[in-house]
Structures are given as C-alpha cells and as structure tokens.
Amino acid sequence: MAKKKPEGYLSAKESRRISRENRKITNEFEKKRKRKSVPEEEYVTVMKDEGNVLEIDNLHTYFFTDAGTVKSVNGVSFEVPVGKTVGVVGESGCGKSVTSLSIMQLVQRPQGQTVDGEIRLNMGDGKAYNIVNTPNYKMQGIRGNYVSMIFQEPMTSLNPVFRIGDQIDEVIALHNPEMSKEDVRKKTIEMIELVGIANSEGVARMYPHELSGGMRQRICIAIGLACNPKLIIADEPTTALDVTIQAQILDLLRELKDKINSSIMLITHDLGVIAEMADYVVVMYAGRVVEKGTATDIFKNPCHPYTIGLMNSKPVVGKKVDRLYSIPGKVPNPIDMPNYCFFKDRCEMCVEGCAGAYPEMVKLSDTHYVSCYRHYDNAQKEEK
Amino acid sequence: MAEQMKNEEAFVHNEENILEVNHLKKYFPIKGALGTKRGAVKAVDDVTFSIKKGTTMGLVGESGCGKSTTGRTILRLIEKTDGEVYFNGIDVNKLSKKELRALRTKMQIIFQDPYSSLSPRLPIGEIIGEAVREHGLVPKEELDEYITKVMLSCGLQPYHKDRYPHEFSGGQRQRICIARAIALNPDFIVCDEPVSALDVSIQAQVINLLKDLQDQLGLTYLFISHDLSVVEHISDTVGVMYLGGLVETGATEDIFANPLHPYTKALFSAIPMPDPEIKTDRIILEGSIPSPANPPSGCKFHTRCSECMEICKNKAPEARDMGNGHVVRCHLYDK
C-alpha cells in the first residue's frame, strides 16, 4: 500500500520546478538592483502630504521559497505623520516585521523581494525618495541617518566583541565623515548620557555582556538615535524586557522622540504598550491591514472582528472575566491564501457578502478605516 | 510575634494545604580558582508559603528574582540548601530516590519554552505515554486508548500521535506539554511561564485549557509568570518576589486592589493598560535589580525604594499579617 501523502506534501520534482521559476523572477529583481548607477527620476518622487514622514502605498513583499510564494506583506498602506507615533499590532507571522524591514531595505535577498508598491520617505525640501527603487549606495546614507531601527533582542543585536563606545562611534563616524575622532567620542558620551546611563565614560569602555538587558536596550536606542533620524522603527523594543524596565524604556523613547523631533513606528503585539504610546494604530492580519485609525478609534470602537477578538483575548488587570475569549481556528497557510476575506474562516460575525472577494478598505470616519463587509452599509451612508 | 516563633520551632501541617514551603533557601555557589568557594548567589532566600488544594497560586516578579528556582526546588529538580517543602504533609527532601520517583506522578511541571522542552526524536504519543508506561499507571493494552483520551482532553487530535514535535506550532506544542503533565494524573503542577512564548490569541486558548483542566481534575497550580494580567486572571492567591524573597502574599483581589509593598505598587503601576484614555501615575523604578550574589543589607529593596527610611538600610523587615492572609514585609507597616 502506498503511503498516504500528508497535506501540503511537495514532491522533489515539483519543488525543483518552483525553485527554477523563482530563480527567474528573483534574478530579474536582482539585476535591476545591482546596476552601478540608477537615474534619479526612478526613485525621487514627491510626498502626497508634506505632513507625513513616511507613506506606504500598496506595498507587496513576497518571499519566493521552494515550497511556494509567501505573500508576507500583501497590499499594506499607511502613513506616519511627522512627530507622531504609529503602532503596528498583529500576531507573529502577520507581516509587521517584514513591513519594517522593507522600509529599511533589509529583507533577506534574493528570495525576499518587494514586488510592488511604493514607500515614500520625506527627505525634506519637498523631496522624497521611493525606497522600493532606491539603489543600495543611496540607501546606505538613509539607514541610520534618516531612518533607524531598534530591534527586539538587545542581547543579539549588539556585537559581543566590540566595546559599547566603539559601536556607537561607528554609526556617528560613518554618517559624519568630517567629524574628528575626539568629536565623535564626545558625541558618543553625550548619547549614552541622553539615554539615561549615569556612568557614561565607564559604560563606553564596557562590552555588551557586562550590561543588563535594559541597559543594552538603552545602548541600542542610543545607536539608533545617534544621527537624529526622522523616523525610528522600533521592532518590539520591550518584548524581551520586564514590566518595570519596559516602563523605563517606553518613557525614554517618548521623551527622546520629542527632543529630536522625529516620528516612531512602533511594532508590537502588546496592546497595552500600543495604547500607551501610539497616536495612530494599524492592525495587521495575514499580511494585510485590517483596520487603522487613531488610538481612540481602535480601542474605543474596534470594528474589525479580528481587532475585537484580539482585545477580548487579552486579560486586563482590574477587569474580571470568567473565561477569556479565544479566536477559533488558526492563521491560514501563508503559501495558499484564500481568495475571500482571510479572516472569514475564523470569524464569528460573518455576513452574506463575506464569501466574495477580499473586502476593500472602507472609511468610517476621517481617521478610521476598516476592511470588513460588515461596515459597508454604514460607510456608504456616511459618504452620502 | 509569638505565632512566628511557633512556626519556626515546629511545623504544623494543615490538612487543607497540598503544598507547604517553609523557609526554603537555595544558594548556588560561585566557584573561584581551583574550585575554592568564593560566595553564593542567593537565588531563593527564605521563602515561606502554602497552597490550598484545588487553587492556583501565582508567583510574579522580575527576571532573576528566583521564581523559577523556587518552582524547581519545590519539585526537587534541584536540591535545596535549607528549609522544608511538604507535599500533602510529606517532607519531599527526606524521601529516598525510590519514594521520590513514586511521588513524581503526583507533581508535574510545564516549562516555558515549548520549543526546547520536547524531545525532537520522539513522536507525540510516546512523549505523552512514556511516563505513564514507566510508572505502570495503566495496563499495557489500555495505554493507547488512555493516551488518546488525554490528548482529546487537551485539544489534540488522535492522529497527531505519530507526528513529531517540529510539525506543530507553539500553541499546540504547549498543549502537548500540558498533556504530558496531566497524563500521570497529578495533583499539583508547577507552570513555569507556560504562556510567555505564545501570541495573545493562542495565550488565551492555553489559559482557558489550564482552567478547564483544573475544574475537571481538581488540579492545584503554582503559576509562575511575569505577566501580571495573566496572573490576576488565573490565580486565587499571589506571591510577589523580589531578589529571592517574597515581599507580599495574599488573595489576588486584596493584592491587586490594595498593594501594600512599594515594590508591588511600582510593579503594578508599570503594567500598560490597553486603554488610551487611562493615564496612570507611574512609579518608575530607578536602576535595575541588584546582584543576588551580593544583595543589599537590611530590606533588599531599599536601594530602589521611593519610601526608604533609615531603618530599611540596616534591618530586614519581618513578615506582617495585615488581615485576611495578606502578608507584607515592609517597615512602613511596623507599628
């Protein structure tokens, strides 16, 4: 008797075929990317709204794997206004981190490619760069300088064999080649003091293993802010830390944001952190934005069933419930996404229209958008 | 004071309690050159508490405060330095290896990381059934049926039996860990951060499963976590740990409604609330947790305490009952 093939089984032959096809696609992208000089008109654009520091428009980032194409980010659009904090929430695997990596052009190439969409970064003076087409030699000036990133794990994102001071020096020296060595070190010490570490001279001479998790995250923040970036991407900055240290770090981020007048894109799965920090919230599910709006919109009037489920499944201190709500089912397989609403199979509020195509984003108020059939009627009424 | 003296002289077992921990200490030696002893990390330093049958006790605190070491020392996975642990009135630390082995079926543990606590080489059926077979709890011919029953009660499908751990997601792996623990029909389970590695929606499923199993099987949990909202949801009593010692214990409602110790207050005020309109007056703790190898003198918390007094620096506070079993160790409440 032939052994029954489990679901999702791929024969070696099939896998090879997919691999060949993928290579064709990714080679195209790589060829385009590896050009020595790229004409400016390819990546210089204008912002739709000068008040935004970042505009993401219909972004698609796919991973071409041997098992099939994973659409990690599948049509994401949102804006980050100047001086505001935008929170991105969602479960693991929903594409939050890939969105942020796309902004930095740090997606694992060649298998990961931004295939469509625009990321417009405000460079000031009415100029903007479309990150998707910006060549690598330009990106090096942008990373760390205009956009910088704070990663989740302070344990692994610092180099264990270099002293703390040298690691901060590197960022400053690279982006300000005209500065002398002494000035760079002076600025480094200033940065360490800025993030609230008292013994700055001593810490600059230490190695990462001599510091605690909270201190290391402060150093990561110091590195991120060393060049006064316009946009800080904080990818789960406090997930690995204790609540008391988390409170310290969040306070610090908020304070520094105002000090250097930049914007924060905060990625986390902790709704509490989002409510505390964010002015605007973007809820992501399976590579798409399902709901976005101001923090008050999302927390006081959540409209997408996924957002509602997420809110109910988190226990809240001071609110006694007998049983936590849990969203039934699980996230659909990213290789084989359905062509209807991705949340339909887990949704307990389905309406007739749900079997149709993926719902469009509808406008509930000036700031509140949701992608769900349940709100089609309300939204249309408002437009009339 | 008189009551405390009595406690230290002779320990009285209370029939209602399944677990009684009495002045438990665990020091890890720091070895110097050539194996000389240089000092000790006081991971657990004089911890006393008890858990009633069928209830859940939550143990909270920052990382490095000795929560997990307490859990493991209770199960004798690591040997204690001093103190006693009574399980149903039996001193666990006085048992021989053979007796302890028999008692293991009654006390189980669920670990934090479901990715590293399952053997990658064993199929799920074997992971769950191994201990049951070894202890001979179920006749051989009924074993398969029994495993199926246990798996179903934990939300796993019988056809998962032949699969290997890498084929499962984090939430399902944690279900396997739970199934492995309850297969032995234990009375008491130490849950060592069972939901910390999981997503919010999966977390809710696992918490609900733990609660359901408690209702069905009358289990007692020691729930170790640093997530205060989860602890509030699942526990009947709570113990707050700081640097190896319990600073406050009591019923969940009492502690959350009326935290007394300055550390508990700071810890609770640091919880981010999922409501943008609530702006809490946050007590931000300065600095980080001191080294347990060289803890501060007097009250261990005095270096970070906002209400530190002169006495705190020299004298360690006694446990003080503030009514209804709400015990706090702080000089603020000295009469």
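Residues in the range B:265-304 that are buried (at least 20 other Cβ atoms within 10 Å of the Cβ), more than 9 Å from chain A (Cβ to nearest Cβ) and in contact with a helix residue (DSSP H, G or I) (Cβ under 7 Å, 6 or more places away or on another chain): B:Cys299, B:Phe301, B:His302. When the range B:206-263 is filtered for residues that are on the phi > 0 side of the Ramachandran plot and either surrounded by fewer than 20 Cβ atoms within 10 Å (Cβ to Cβ) or among the hydroxyl-bearing types (Ser, Thr, Tyr) (or both), only B:Gly218 remains. No other residue among A:Asn145, A:Asn74 is more than 14 Å from the chain's Cα centre (by Cα) and of a type in the set (S, T, N, Q) apart from A:Asn145. Per the conditions (1) more than 22 Å from B:Leu103 (Cα to Cα); (2) more than 7 Å from chain A (Cβ to nearest Cβ), the sole criterion not satisfied by B:Gln205 is (2).
Residues in the range A:222-252 that are more than 26 Å from B:Val60 (Cα to Cα) and of a type in the set (A, V, I, L, M): A:Ala222, A:Ile223, A:Leu225, A:Ala226, A:Leu231, A:Ile232, A:Ile233, A:Ala234. Elements of the type strands (runs of 3 or more DSSP E) sitting completely within the range A:87-152 and holding at least 2 residues that are in contact with a Pro (Cβ under 8 Å, 6 or more places away or on another chain): these cover A:147-150. Please verify whether the range B:241-261 includes one or more residues that are without any contact (Cβ under 8 Å) to a residue 12 or more places away in the chain and hydrophobic (A, V, I, L, M, F, W, C). Yes, the conditions are met somewhere in the range B:241-261.
I'm trying to understand the selection: among the residues of the range B:305-324, which are open to solvent by less than 40 Å² (accessible area, probe 1.4 Å) and more than 14 Å from chain A (Cβ to nearest Cβ)?
B:Cys312, B:Pro317, B:Ala319, B:Gly323 - these are the residues of the range B:305-324 that are open to solvent by less than 40 Å² (accessible area, probe 1.4 Å) and more than 14 Å from chain A (Cβ to nearest Cβ).
Scanning the range A:156-177 for residues being touching a residue at least 12 places away in the same chain (Cβ under 8 Å) and part of a loop (DSSP other than H, G, I, E, B) gives a total of 8.
Is it true that some residue in the range A:368-376 is surrounded by fewer than 16 Cβ atoms within 10 Å (Cβ to Cβ), assigned to a loop (DSSP other than H, G, I, E, B) and modelled with pLDDT of 85 or more?
no
On the stretch given as the range B:241-261, residues that are within 12 Å of another protein chain (Cβ to nearest Cβ) and in contact with a Ser or Thr (Cβ under 6 Å, 6 or more places away or on another chain) total 1. Scanning the range A:280-320 for residues that are more than 11 Å from chain B (Cβ to nearest Cβ), farther than 29 Å from A:Tyr62 by Cα and β-branched (Val, Ile, Thr) turns up nothing. Out of all the residues in the range B:51-59, is one or more closer than 23 Å to B:Ile289 by Cα and within 14 Å of chain A (Cβ to nearest Cβ)? There is at least one residue in the range B:51-59 that is closer than 23 Å to B:Ile289 by Cα and within 14 Å of chain A (Cβ to nearest Cβ). Residues that are open to solvent by 20 Å² or more (accessible area, probe 1.4 Å), touching a Gly at 6+ places or on another chain (Cβ under 7 Å) and at pLDDT below 90: does the range A:80-102 have at least one? Scanning the range A:80-102 turns up no residue that is open to solvent by 20 Å² or more (accessible area, probe 1.4 Å), touching a Gly at 6+ places or on another chain (Cβ under 7 Å) and at pLDDT below 90.
For the range B:165-178, filtered to residues that are touching a residue at least 40 places away in the same chain (Cβ under 8 Å) and under 19 Å from the mean Cα position of the chain (by Cα), the residue that is nearest to the other protein chains (Cβ to nearest Cβ) is B:Gln174. Of the helices (runs of 4 or more DSSP H) that lie entirely inside the range A:183-279, those containing 3 or more residues that are more than 14 Å from chain B (Cβ to nearest Cβ) span A:200-204, A:213-225, A:243-260. Residues in the range A:167-188 that are farther than 30 Å from A:Asn130 by Cα, crowded, with 16+ Cβ neighbours inside 10 Å and of a type outside the set (Ser, Thr, Tyr): A:Val184, A:Arg185, A:Lys187. Condition first: open to solvent by less than 10 Å² (accessible area, probe 1.4 Å), among the aromatic types (Phe, Trp, Tyr) and over 30 Å from A:Asp169 (Cα atoms). Can you find one or more residues in the range A:270-284 that meet it? Looking through the range A:270-284, none of the residues is open to solvent by less than 10 Å² (accessible area, probe 1.4 Å), among the aromatic types (Phe, Trp, Tyr) and over 30 Å from A:Asp169 (Cα atoms). Filtering A:Thr239, A:Thr244 for residues that are of a type in the set (Val, Ile, Thr) and within 19 Å of A:Gly196 (Cβ to Cβ) leaves a single hit, A:Thr244. Of the helices (runs of 4 or more DSSP H) lying entirely inside the range B:81-153, those containing at least 3 residues that are open to solvent by 60 Å² or more (accessible area, probe 1.4 Å) and either in contact with a His (Cβ under 7 Å, 6 or more places away or on another chain) or over 30 Å from B:Val12 (Cα atoms) (or both) span B:124-135, B:143-153. Checking each residue of the range B:266-275 against the condition of being at pLDDT 90 or above and part of a helix (DSSP H, G or I) gives no match.
Assess whether A:Val331 counts as being β-branched (Val, Ile, Thr), part of a loop (DSSP other than H, G, I, E, B) and surrounded by fewer than 18 Cβ atoms within 10 Å (Cβ to Cβ). Taking the combined requirement at face value, the residue does not satisfy it. Listed by first and then second residue, the pairs linking a residue in the range A:361-380 that is over 23 Å from A:Asn74 (Cβ atoms) to a residue that is in a loop (DSSP other than H, G, I, E, B), with Cβ atoms under 8 Å apart and 6 or more places separating them unless they lie on different chains, are A:Asn378/A:Leu364.
The values are calculated or read from the model by the stated rules, or taken from the named source; none is laboratory data. Because the structure is a prediction, the values reported are computed rather than measured. Note that we place each Cβ from the backbone using ideal geometry, even for glycine, and neighbour counts take in every protein chain shown. For the accessible areas, the whole protein counts, side chains as well, though only heavy atoms, and no ligand, DNA or RNA atoms are used. Shrake-Rupley method; radii C 1.70, N 1.55, O 1.52, S 1.80 Å.
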